[in-house]
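The block underneath contains the structure these notes are about, expressed in structure tokens.
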């Protein structure tokens, strides 16, 4: 079993670590990471290539560079080869940079003269089955890492005072929740919202998946935030100017009563989202083909007279133009489908989907609850997307292998 080296805090640097005039002597360590990297590219070839790069005086391949033996080899090479720069080509710096930096410091090298190249996430994992191409890309990544390493300068960690006041930009549910959490930590909060009222997009939602209305939930949160003495709220306000540095920012805010200047130690951007208007998708017209947010308004007004409602998930999302998933459309769609069945049991409700993204155990249970209430689910592929025309929807049912055509009164995107 490979034992990972224990990670230590960076020790204080001394003056001999801070010379700016030494010729770069770079050591490169290429990690196999078991088969995670070596299984998809030629690590030996990559290590040999590293030896040919400018300023590289030592290069070695390791089975696991983060193991005790791997760390030991880095420390040994720093001393024996008189290295003043170290490059490790392995996995993600998010998880391993502190370990390698502190190990360099333990060997007497300024930790800021360490550079890491991610040939796992950025190379082997994204080029599986293309060994030659992956090997060539790994060489290019290391070449860039070595070039950057040669230009590194030793640094010293410093401490700076921090103003215990936080600026939160955005008064929607995210901004309100952040303000509450920061207030609970006894921090002073400046909350800035550009519209006249707090609540953001959630004000347009009828009912939450908890069963409570959005208005009830928002009213409780807003009342709580407004009552806290360490939260200052500016509505109909915008950020005019920012300056300063980390821990000490100068902020100018335009408010209806005039400009306000504040000093904060941190800024949180919680500016929310803009609902997609699905123009040009599935015959959208705002009447019998509507968006999820427009359905919310119909539910608020109890204005639903359809006999059949069909939801089409991922409308306008997870495409070449918009590759991302909003992470909430499936939840809102299922929640509204269940609400329709509760209020109007005779309405036939169907959800056409590519993948159902229901985050959390409780929300996964909603899928089974929705089926229990009579909501029908059908999967479709983007290559064979549903077709909407003349009050009908036609889609290929992958389970049966048949094309289904249905009359429908309302389509929700």
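Of everything in segment 189-199 that is without any contact (Cβ under 8 Å) to a residue 40 or more places away in the chain and surrounded by 21 or more Cβ atoms within 10 Å (Cβ to Cβ), the residue that is farthest from residue 240 (Cα to Cα) is 199.
Within segment 206-242, if we keep just the residues that are assigned to a strand (DSSP E or B) and farther than 20 Å from residue 194 by Cα, the residue that is modelled with the lowest pLDDT turns out to be 207. If you go through segment 53-76 and pick out every residue that is within 15 Å of residue 149 (Cβ to Cβ) and surrounded by fewer than 20 Cβ atoms within 10 Å (Cβ to Cβ), you end up with 5.
Report the residue count in segment 44-75 for those that are in a strand (DSSP E or B) and under 13 Å from residue 89 (Cα atoms). Going through segment 44-75 one residue at a time, the tally reaches 4. Set side by side, the residues 191, 202, 198 differ, and just one is at pLDDT below 95 and not assigned by TED's automatic domain parsing to the domain that holds residue 112, which is 202.
The values are calculated or read from the model by the stated rules, or taken from the named source; none is laboratory data. These figures come from a predicted structure and were not determined experimentally. Quick reminder, even Gly has a Cβ in these numbers, built from the backbone with ideal geometry, and neighbours come from all protein chains shown.
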